[in-house]
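Data first, discussion second: the structure below is written as structure tokens.
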Amino acid sequence: MRIGQKIKRLRVQHGLTQQELADRTELSKGYISQLESEMTSPSIATLVDILECLGTNLKDFFNEESQERIVFPRADAFVKTNDSLAHTIEWLVPNAQKNSMEPILITLEPGGKSEEDNPHEGEEFGYVLAGSIYICMGAERTRARKGDAFYFSPTMTHTIVNAGKTPASVLWVSCPPSF
């Protein structure tokens with residue numbers, strides 16, 4: 001672990017200059033600079049003071065977070081088919097429920113529809129990849145075709161329905177997760 005680089009990253013995240021961090025910790029700007037460039041190492045007491053000013057502690061600072069995944073191969077997707085509603089959902093990011101948003105790929109067979117979703121906080125976004133759909137919000141229906149995007153606040157019961165005679169595919173993102 002490179003302590004100086006991690007301190008610098010925290011300092012920048014908090015919007016502090018080296019001088020501001022130095023003032024808060026009663027250290028010199030030169031010392032903070034040397035620390036961040038790995039030219040010196042802090043004592044435990046000094047590190048505790050610095051971390052306190054940066055809103056963290058020794059335990060959290062040295063807790064190595066697991067590397068955040070960026071790419072999720074198609075083989076990682078979880079697929080569920082609902083024959084009665086004539087749709088298939090692919091959860092594109094495993095365990096997305098713990099994230100701020102949850103992307104799915106939903107394929108609606110002719111006559112298919114998504115499950116009805118009750119009003120909830122957050123936002124919904126979709127992009128029609130193939131076919132055409134109706135976005136149903138309460139009693140209102142809006143059509144979207146291949147290449148169209150949709151966005152709404154889910155303040156009423158909502159669903160999407162295949163509006164054509166061929167399968168429709170939609171990339172749908174819910175924030176916070178609700179699928």
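The values are calculated or read from the model by the stated rules, or taken from the named source; none is laboratory data. Computed from a predicted model, the values in this text were never measured in an experiment. Glycine also receives a Cβ, built like all others from the backbone with ideal geometry; neighbour counts cover every protein chain displayed. Remember, those area values only see protein heavy atoms, side chains included, never the ligands or the DNA or RNA. Shrake-Rupley method; radii C 1.70, N 1.55, O 1.52, S 1.80 Å.
The requirement of being touching a residue at least 24 places away in the same chain (Cβ under 8 Å), polar (S, T, N, Q), open to solvent by less than 80 Å² (accessible area, probe 1.4 Å) and under 30 Å from Leu16 (Cβ atoms) is satisfied by Thr56.
When segment 157-168 is limited to residues that are in a loop (DSSP other than H, G, I, E, B) and either among the basic types (Lys, Arg) or open to solvent by less than 60 Å² (accessible area, probe 1.4 Å) (or both), the one that is farthest from Gly126 (Cα to Cα) turns out to be Lys165.
When residues in segment 32-89 are screened for being in a strand (DSSP E or B) and either farther than 30 Å from Ile104 by Cβ or not hydrophobic (A, V, I, L, M, F, W, C) (or both), 5 of them pass. Among the residues of segment 170-179, those identified as under 16 Å from Gly147 (Cα atoms) and either surrounded by 18 or more Cβ atoms within 10 Å (Cβ to Cβ) or touching a helix residue (DSSP H, G or I) at 6+ places or on another chain (Cβ under 9 Å) (or both) are Val170, Trp172, Val173. Restricting attention to segment 25-36 and to residues that are open to solvent by less than 60 Å² (accessible area, probe 1.4 Å) and among the small types (Gly, Ala, Ser), the residue that is nearest to Arg11 (Cα to Cα) turns out to be Ser33. For segment 1-22, which residues satisfy the criterion of being outside any loop (DSSP other than H, G, I, E, B), under 18 Å from Phe62 (Cβ atoms) and among the hydrophobic types (A, V, I, L, M, F, W, C)? Once the filter is applied, which keeps residues that are outside any loop (DSSP other than H, G, I, E, B), under 18 Å from Phe62 (Cβ atoms) and among the hydrophobic types (A, V, I, L, M, F, W, C), segment 1-22 yields Ile3, Ile7, Leu10. Of the residues that make up segment 43-51, is at least one modelled with pLDDT of 90 or more, open to solvent by less than 90 Å² (accessible area, probe 1.4 Å) and closer than 30 Å to Glu124 by Cα? Checked segment 43-51: no residue is modelled with pLDDT of 90 or more, open to solvent by less than 90 Å² (accessible area, probe 1.4 Å) and closer than 30 Å to Glu124 by Cα.
Checking the structure you have, find out if any residue of segment 124-144 is within 22 Å of the chain's Cα centre (by Cα), open to solvent by 80 Å² or more (accessible area, probe 1.4 Å) and either charged (D, E, K, R) or at pLDDT below 90 (or both). No: zero hits.
Could you identify the single residue in Pro177, Pro154 that is over 18 Å from Leu85 (Cβ atoms), part of a loop (DSSP other than H, G, I, E, B) and free of Cβ contacts under 8 Å to residues at least 60 places away in the same chain?
Pro154
Checking each residue in segment 104-123 for being surrounded by 18 or more Cβ atoms within 10 Å (Cβ to Cβ) and not in a strand (DSSP E or B) picks out Gly112, Ser114. Of all residues in segment 8-20, those being at negative phi and either at pLDDT 95 or above or not hydrophobic (A, V, I, L, M, F, W, C) (or both) number 9.
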